[in-house]
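Asker: This is the structure I want to talk about, given as C-alpha cells.
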Amino acid sequence: MEQLGLLFQGFAVALEPQNFVLMVIGIVLGVVIGVLPGLGGANGVAILLPLTFSLPPVSAVILLSCIYWGALFGGAITSILFNIPGEPWSVATTFDGYPMAQQGRAAEALTAAFTSSFVGAFFAIVLITFVAPAVAGFALKFGPPEFFAVMFLAFASFVGMSRTAPMKTLTAMMLGFLLAAVGMDTVTGQLRMTFGSVELMRGFDFLVLVIGLFGISEILLSIEEGLAFRGKQARITLSTVLRTWRELPRYWAISLRSSLIGCWMGITPAGATPASFMSYGVAKKMSRHGADFGKGRIEGVIAPETAAHAAGTSALLPMLALGVPGSPTAAVLLGGLMMWGLQPGPMLFVEQKDFVWGLIASMYMGNLVGLAIVLACVPAFAAILRIPFAVVASTILVVCAIGAYTVHNAWFDILLMLVFGVVGYVLKKLDYPLAPMVLALVLGDRTEQAFRQSLLMSQGDVAIFWANPLVATIMAAGIALLVWPLANWAWGQIGALARPKITETP
Amino acid sequence: MSGSMQPRAAGVSRRAVEVVTASAFAAIGIVGLWDSSRIGAGWGTDGPQSGYFPFWIALIMTGASLFTLVSAWRDAGPDETFLTRPQLGLVLSILAPATAFVLAIAWAGLYVPAALLIAWFMARLGGYSWRAGLLTGASIAVLSFVTFEIWFLVPLPKGPLETWLGY
C-alpha cells in the first residue's frame, strides 16, 4: 500500500522535535481556547495564524490543527462540569453530561467524552488516510467547470441540510461572497464596491471577520446569561478511567453509528454541530432506554462527542483533497495554506507530499497526545473557568484586537472586527448561520475564478456546467439539495391539504 | 424567551430586529447590484466583466432577504423578545467600553487602552477595587508587550507613552 509508506514518512516529519513540541503546545492552547467562552477553534486559529509565518508550513499547520483538536476536546469539559457548552458542537453533550456530573459521575462522563472524541476522530483520520488520496487523484482530472460544480454542491448542501430557514442560509452565504468580492478584482484590476475608500481597497480579510463574528459576538452572547460560572469539581483517577474503559466496548454500535454520521456530516459541510445533535437524536431513538436520555445516560455523552469529533476531523478531508473546507475552522486553515504560499486542491497530494502526510500523521499523534493531556489535566483546565468573567472577557477582547491588528497591521481592521462582532451577535440571535458565510468569504475568490474560467472556455455559454456527465452529475446533486427545502415544504402543504384535521407537525 | 401564552417581556422586539436586519441585507444587496452594473455586469471583450459574478450574488441576496423581510412582516404569530431590558444593559456594559477601547487604540496605542479596559471591566463589572483592576490590567499589558514586541517581534499600535519610553 502506497499510503502506508507515505504515512510513515509523515510520522517522521511529525515526530521531529520541533513539530512534536508544537503539537503539545497546540493541544494545550486548543483546550484552553475550547474552555474559554468567546474563543473557539475558528477564531483561535485565526488569531494565531499571523504569528505562524516564520514557521515552515508543515510546522504551522501542525500547530494550528492541534489547536483545533484541543478545542474539540475542551468543549466537553465545560459542557459536563459547568453545563456551559464551550463550543456549539458540545451543546448536545450537556444534555446527559451535566446530569451525570450532578450525580457525582463527572469523572466517568469526562472519560467517556474524551475517549469517544478520540474514537470519532480516529475513525475520521483513518478515512482521510485512505479516501483523501483517492479523491484527490480523481479530482486531478477536474477542470474549472467541475471545481465550480463541487463548490456549488458544497454551498447547496448548506441550504438543503441546515436546520435554519433556507432563505437566511442563502442570505448569509451571499453576504460572504459579496464581502469577498470587495476590493481589487485580480483579473481586471477593477476596484469593486470600495466607494473611494482606501481602507476598503484591501478588501475584507476573512481572518478579521472570523475573529469578530465568532469571538466578539460570543462574549456578547455569554454576558446575557450573567457573569458567574458555577461548576462541579472533577478529578479523574486512573481507576475511573480503567473502569469506564471496561464499560465502553458495550457501546460499540453507538460509536460506529455516530462516527459514520459524523464523517458524513463533516465531509458535506453540514459541520460538527448538526452532527452531534443528529447523533444524539438517533441514539435516543434507537436506545431501549430512550426515555432516560437527559437524565444522565452515558450513551448521551458518547453519541454527540463521537460524532462531533468525527465531523470536525473529517471536515479536513475535502479541504485537503479538493480545496473545499467542510467547517469554518477548516476554512480558516485553508486560508492559512494560501497565506503560506501553498495552492490548495488535489495537486497538494502530488506536489506537497511532506506537508500533507506530515499533517495526517500529526492528526493521529495529536489526538492520542490530546487524549492523554485532557485525561491528566482536567482539574487544571476546569480551573480556567474559575477566573472571574470580568478578567477573562476583557482579556479576550484585547487578544481579539491584537489578532485582528496583526493580519495587516491596520487599525481599521480592529474597528471592522468590532462591527462584525455586533453583526455576528445579531445574526446568531436571529438564526442566520455563520458557517456558510465564512466558507463563502474564504472560497469567494476561488469560486468566482472557477466560474469565470469555465465561462471563458465556453465563450459565455452556461451550458458548460452540464456539458459532460461528471459535471452534470455534481450540478444535479447540488440543485437537488437546493430545492430539497422547497420540495419538503410542498410535501407538507399537500399533506396538510389531505388531512385538514391534523394541524400539529412533528 | 417568552411562551406563546405569556405577554412579551419588556425589551426589544424580535420581529422588529428581524425586519431591520432583512432590510439592511436587502439594502446591501441593492448597493452591490448598483456597483456591479456600474463597473459592468455583462460580457466584455475578454470574458465576463468584473461585475458579472457579484451582480448575480447581490441579486440572490436581495431576493432572499426580501423573502425573509416579507415573511417576518406577515408573521401572525406572537412576537418574542429579542433582548430584555436588563440583558440590553449587560450587553451595552461590555459593548460601550469595548468601543471606547477600539477608538482609543487609534491614538493611544494598544497597551494603555488594554490595561484600562481590563481595569474598567474588573472594577465596574467584576466588583474589584480599582487598585486591583489597574494592577492586573497593567501586568497583562506588560506581559503582552514582552510577548509580542520582544519575543515574537510583532509590532502592535503604540502611542505617546511608548514613544516617551523610547519604543
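We did not get these values from a lab; they are worked out from the coordinates using the rules stated. Quantities reported herein were computed from a predicted structural model and do not represent experimental measurements. Glycine also receives a Cβ, built like all others from the backbone with ideal geometry; neighbour counts cover every protein chain displayed.
Asker: Listing A:295, A:428 from the residue with the fewest other Cβ atoms within 10 Å to the one with the most, what is the order?
Answerer: Placing the least packed residue first, the sequence is A:295, A:428.
Asker: Quick one: if the Förster radius is 30 Å, what FRET efficiency do residue A:198 and residue B:24 give, using the C-beta to C-beta distance and rounding to 0.05?
Answerer: So, using R0 = 30 Å, E works out to roughly 0.80.
Asker: What ³J(HN,Hα) values, in whole Hz, does the Karplus curve 6.51 cos²θ - 1.76 cosθ + 1.60 give for region B:156-167 when θ = phi - 60°, with x put for Gly and Pro?
Answerer: 10, x, 10, x, x, 4, 5, 4, 5, 7, x, 9
Asker: Just how far, in whole angstrom, is region A:341-356 from region B:145-161 if you go by their alpha carbon centroids?
Answerer: Value for the Cα centre distance between the two parts: 35 Å.
Asker: If contacts are Cα pairs under 8 angstrom and at least 6 residues apart, what is the relative contact order of chain A in percent?
Answerer: 28 percent
Asker: Right, another one. Loop-only trypsin sites (Lys or Arg not before Pro) in region A:111-168, please: DSSP not H, G, I, E or B, and at most 14 other Cβ atoms within 10 Å.
Answerer: Within region A:111-168, the qualifying trypsin sites (Lys or Arg not before Pro) (loop, at most 14 other Cβ atoms within 10 Å) are A:141, A:163.
Asker: Most exposed first by the Cβ proxy, i.e. fewest other Cβ within 10 Å, how do A:413, A:185, A:292 rank?
Answerer: Fewest to most other Cβ atoms nearby, the residues stand as A:292, A:185, A:413.
Asker: Could you tell me the distance between the Cα centroids of region A:242-314 and region A:406-481, to the nearest Å?
Answerer: 31 Å
Asker: Can you give the helix-only mean residue ellipticity at 222 nm for chain A, where every DSSP H stretch with n ≥ 4 adds -39500 (n - 2.57) and the sum goes over all residues, rounded to the nearest 500 deg cm²/dmol?
Answerer: Helix contribution divided over all residues of chain A: -24000 deg cm²/dmol.
Asker: What are the residues whose amide H is under 5 Å from the amide H of residue A:185, where those residues sit 5 or more places off or on another chain and H is modelled from the backbone?
Answerer: Distant-sequence amide H within range of residue A:185: A:190, A:191, A:192.
Asker: For the pair residue B:165/residue A:488, report the inter-label distance in nm, with labels modelled 7 Å from Cα in the Cβ direction.
Answerer: Output for this residue pair reads 5.5 nm.
Asker: Moving on to the next point. Just want to confirm a number: the relative contact order over region B:11-79, from Cα pairs under 8 angstrom separated by 6+ residues, in percent.
Answerer: Rounded, it is 41 percent for region B:11-79.
Asker: Let me ask something additional. Which three lengths, in whole Å and largest first, does region B:38-167 cover when its Cα atoms are put on their principal axes?
Answerer: Cα extents, longest axis first: 60, 53, 22 Å.
Asker: Further, regarding this structure: Taking only Cα atoms of region B:11-79, what ratio of Rg to Rh do you get with Rh as the Kirkwood inverse-distance radius?
Answerer: 1.20
Asker: Of B:86, B:97, B:157, which has the largest mean-square fluctuation in a 10 Å C-alpha GNM of chain B?
Answerer: B:157
Asker: Which aspartates and glutamates, on any chain, are close to residue A:429 with Cα under 14 Å apart, when same-chain ones fewer than 8 places away are left out?
Answerer: Correct list for residue A:429: A:218, A:224, A:225, B:18, B:80.
Asker: While we're on this one: Using the Karplus curve 6.51 cos²θ - 1.76 cosθ + 1.60 with θ = phi - 60°, work out ³J(HN,Hα) for each residue of region A:274-285 in order, rounded to whole Hz, and write x for Gly and Pro.
Answerer: Karplus values, whole Hz, x for Gly and Pro: x, 4, 5, 5, 5, 5, 4, x, 5, 4, 5, 5.
Asker: Pop out the ³J(HN,Hα) list for region A:448-464 in order, Karplus 6.51 cos²θ - 1.76 cosθ + 1.60 with θ = phi - 60°, rounded to Hz; leave Gly and Pro as x.
Answerer: 5, 4, 4, 4, 5, 4, 4, 5, 5, 4, 9, 6, x, 8, 5, 4, 4
Asker: Now a separate question. Checking the cross-link filter: which aspartates and glutamates have an alpha carbon closer than 15 Å to that of residue A:295, excluding same-chain neighbours under 8 positions apart?
Answerer: Once the sequence-local aspartates and glutamates are set aside, what remains near residue A:295 is A:96, A:108.
Asker: So what are chain A's ellipsoid semi-axes, whole angstrom, largest first, if each one is the square root of 5 times an eigenvalue of the alpha-carbon gyration tensor?
Answerer: 34, 27, 25
Asker: While we're here: Within 10 Å of each Cβ of A:178-185, how many other protein chain Cβ atoms are there on average?
Answerer: Mean partner shielding for this stretch: 5.
Asker: Roughly how many whole Å is it from the C-alpha centroid of region A:145-164 to that of region B:45-116?
Answerer: Answer, in whole Å: 25.
Asker: Cut-off is 10 Å between beta-carbons; in what order do A:256, A:342, A:418 appear when sorted fewest neighbours first?
Answerer: Lowest to highest Cβ neighbour count: A:256, A:342, A:418.
Asker: With each run of n ≥ 4 DSSP H residues scored as -39500 (n - 2.57), what mean residue ellipticity at 222 nm is computed for chain B after dividing by its residue count and rounding to the nearest 500 deg cm²/dmol?
Answerer: Value at 222 nm, helices only: -21000 deg cm²/dmol.
Asker: Starting from the amide H of residue B:82, placed 1.01 Å from N in the peptide plane, find each other amide H under 5 Å away whose residue is 5 or more places distant or on another chain.
Answerer: B:12, B:13, B:14
Asker: If you don't mind, there's one more thing I want to ask. Only Cα pairs under 8 Å and at least 6 apart count here; give the relative contact order of chain B as a rounded whole percent.
Answerer: 21 percent
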